Amino acid sequence: TPIHEEALQMALRGYQLLMLQGQISDSSRLIIADFSLGSHQERLFIINVQERVLEYISLVSHGKNTGFLKAESFSNEVSSYKSSLGFYLTAENYYGKHGLSLRLDGLEKGFNDKARERAIVIHSADYVSCSFIEKHGRLGRSHGCPALPVENYKEVISRIKEGSLLFIYAPDEEYKSKSALIHQSNTFAMRGSTEVVPVN
């Protein structure tokens, strides 16, 4: 599945700005959840920015009140059971009701800064699988967490924990027009301080 061009450009610009601001402690990887794609498609991309390679692609769920097949409605509110858009930093892992899980800190006020309060984490779920898609035509849905397939999730979490940048994208006009980080990164890019390099 090709990643949406706008998702990649926005993610790379945000990454470069946050790197410049010293906010990213693990700069080697950029994770993009491209919610312009349906949940029956692989839409989580782990990019090794240093080596400019796509390291990993996976299925990933969205929140149950965000939509059925496609992610269409987003929220930062507690108990909304919706996904939240924007930039996050991965934090510490822990063992919870879904086993090994990875905490996320939302970097965008009003869009995802309640991620910790809402317990929005990366975990595995048996409803994120090809067999679930075959039966239902889509993935199962979470309470707002980007949940991963059971198979390789431990390896994925160990690869991206503690300071990697995650960008959850959808072609959402409200996010694009109101995200301070997107505005900053667009201005930053327009000043010619950066060149967004396509990932092969």
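The values are calculated or read from the model by the stated rules, or taken from the named source; none is laboratory data. Worth saying up front: this structure is predicted, and the values here are computed from it rather than measured. So basically every Cβ, Gly included, is an ideal-geometry build from the backbone, and we count neighbours across all protein chains shown. What goes into the accessible areas is simple: the full protein's heavy atoms, side chains included, and nothing from ligands, DNA or RNA. Shrake-Rupley method; radii C 1.70, N 1.55, O 1.52, S 1.80 Å.
Brief remarks on what is shown
- Picking from residues in the range 128-151 that are buried (at least 20 other Cβ atoms within 10 Å of the Cβ) and either among the β-branched types (Val, Ile, Thr) or over 18 Å from the mean Cα position of the chain (by Cα) (or both), the one that is nearest to residue 73 (Cα to Cα) is 128.
- Taken together, 161, 109, 176, 154 contain a single residue that is more than 23 Å from residue 70 (Cα to Cα), touching a helix residue (DSSP H, G or I) at 6+ places or on another chain (Cβ under 8 Å) and open to solvent by 10 Å² or more (accessible area, probe 1.4 Å), which is 109.
- Residue 137, sole failed condition from (1) among the small types (Gly, Ala, Ser); (2) touching a His at 6+ places or on another chain (Cβ under 8 Å); (3) on the phi < 0 side of the Ramachandran plot; (4) modelled with pLDDT of 95 or more: (3)
- Within the range 37-58, being of a type in the set (S, T, N, Q) and surrounded by 15 or more Cβ atoms within 10 Å (Cβ to Cβ) holds for 39, 41, 48, 58.
- Subset tally (residues that are of a type in the set (A, V, I, L, M, F, W, C), open to solvent by less than 20 Å² (accessible area, probe 1.4 Å) and either on the phi > 0 side of the Ramachandran plot or out of contact with any Asp or Glu (no Cβ under 7 Å at 6 or more places or on another chain) (or both)) for the range 1-23: 6
- Scanning the range 59-74 for residues that are touching a residue at least 24 places away in the same chain (Cβ under 8 Å) and open to solvent by less than 40 Å² (accessible area, probe 1.4 Å) gives 59, 60, 61, 62, 63, 66, 71.
- Strands (runs of 3 or more DSSP E) contained in the range 1-69 and holding at least 3 residues closer than 18 Å to residue 106 by Cα: 29-34
- Any hit, the range 106-120, residues being more than 18 Å from the chain's Cα centre (by Cα), modelled with pLDDT of 95 or more and not small (Gly, Ala, Ser): no
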